[in-house]
Amino acid sequence: RMGLADHTGRVVLEAEYSLISKANCYGKALIARGGSAANNEKKTYMSGAKYGIIDTKGNVLVAPEYKGLYEFAFEGKDVYPYYEGKRLVYSYHYTTDTLVTDCSYLGFSGNGLNIADAGILDGNGKVLLPGLYSYVMLPQSGMVRYYKAKKKETLCGYHNLETGESFQAAKFDQAIGDIKFWSHGDFIGGIAPVNGASWSFIDKT
């Protein structure tokens, strides 16, 4: 069991965690509760643990209650159909790893094995979006770009974090892994580009 103390010996985080990672350059660290040590590719991780986030003062920002906790760290640049932006990336959370983002947005799920159907949290653990879509991209201008992936069909759209409403922007009769072109882009301010029947710009309505 691990905890944290400051340089005076004052306990700032009780010793009740199975993992506390080294803090990253943004002052965020991963914590885990429960699980058991396992190995993958000769690296140790906590199998079956539930994960959360703390800051360097020991404040628990995201309670360790998610088997799946993911960062928006996959670079979509030039990778179809995303082509831009950041997608969630699966991680084993090896005991030697550090977080790589500022954790202002995180993906979560009850499944620690993949990023599919993950929801979105803000940096303080507030649920912004439940797991409604197959894949989600890093929110931009208050809008989440999403994909609903089916066997031979991909639905592309946006979810407005402020209003809670969503809309479909394009539909392709292909599995997401077979799409070799840019589907739709992130919102920059009030508009975003969409590759539907033809390229167009749409607003948040």
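The values are calculated or read from the model by the stated rules, or taken from the named source; none is laboratory data. Keep in mind that this is a model prediction, so the values were computed, not measured. Quick reminder, even Gly has a Cβ in these numbers, built from the backbone with ideal geometry, and neighbours come from all protein chains shown. Protein only, heavy atoms only, side chains kept; ligands, DNA and RNA dropped before computing areas. Shrake-Rupley method; radii C 1.70, N 1.55, O 1.52, S 1.80 Å.
Tabulated data for the structure shown
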item	result
Search result, residues across region 38-79 that are farther than 16 Å from Cys103 by Cα, touching a Ser or Thr at 6+ places or on another chain (Cβ under 8 Å) and of a type outside the set (A, V, I, L, M, F, W, C)	Lys43, Thr44, Tyr45, Ser47, Gly48, Lys67
Conditions (1) touching a Gly at 6+ places or on another chain (Cβ under 8 Å); (2) farther than 28 Å from Gly48 by Cα; (3) in contact (Cβ under 8 Å) with a residue 60 or more places away in the chain; (4) open to solvent by 60 Å² or more (accessible area, probe 1.4 Å); number of the one not met by Lys180	(1)
Count of residues meeting criterion [within 20 Å of Gly125 (Cα to Cα) and either exposed (fewer than 11 other Cβ atoms within 10 Å of the Cβ) or of a type in the set (A, V, I, L, M, F, W, C) (or both)] in region 26-48	4
Residues located in region 183-199, provided they are open to solvent by 40 Å² or more (accessible area, probe 1.4 Å) and outside any loop (DSSP other than H, G, I, E, B)	Ile188, Ile191, Trp199
Every pair of residues 6+ apart whose Cβ atoms lie under 8 Å, when the first sits in region 113-140 and is among the aromatic types (Phe, Trp, Tyr) while the second is assigned to a loop (DSSP other than H, G, I, E, B)	Tyr133/Asp117; Tyr135/Ile115; Tyr135/Ala116
Within region 139-177, considering residues that are part of a loop (DSSP other than H, G, I, E, B) and open to solvent by less than 30 Å² (accessible area, probe 1.4 Å), the one farthest from Gly85 (Cα to Cα)	Ala175
Pick from region 49-84, criterion open to solvent by less than 60 Å² (accessible area, probe 1.4 Å) and acidic (Asp, Glu), ranking: farthest from His184 (Cα to Cα)	Asp55
